[in-house]
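Here the structure is laid out as structure tokens; the discussion comes afterwards.
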């Protein structure tokens, strides 16, 4: 009976772990789905093709420059200034990337400046 008690306790522990993993997976799926709901307003110069990735604080979409047909990646960081840490990370990333020239690192081609007032400026 002691062995049976150990087995049932082990099964209970496994089930709790599975439930925890399932809950974590659902939370991750929700966050990814929510992050994929970012609107990319890129003006007339670019045409958004599809969302290609999400990260800790940004979403990346592939796009095509209308005039040249060149394919580019556009990263958007929604509400970039709501959390100071994210604003600092964004600034650090921009500063670092402007110095890199390597085939395996995407270079900054442009920073889109959309019309509107400073008060409307919430995303990068």
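The values are calculated or read from the model by the stated rules, or taken from the named source; none is laboratory data. Keep in mind it's a predicted model, so treat the numbers as computed, not measured. Virtual Cβ from ideal backbone geometry, glycine too; neighbours counted across all protein chains shown.
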| How many of the residues making up the stretch 88-117 are modelled with pLDDT under 85 and within 20 Å of residue 40 (Cα to Cα)? | 12
| Condition test on residue 73, is it surrounded by fewer than 16 Cβ atoms within 10 Å (Cβ to Cβ) and within 12 Å of the chain's Cα centre (by Cα)? | no
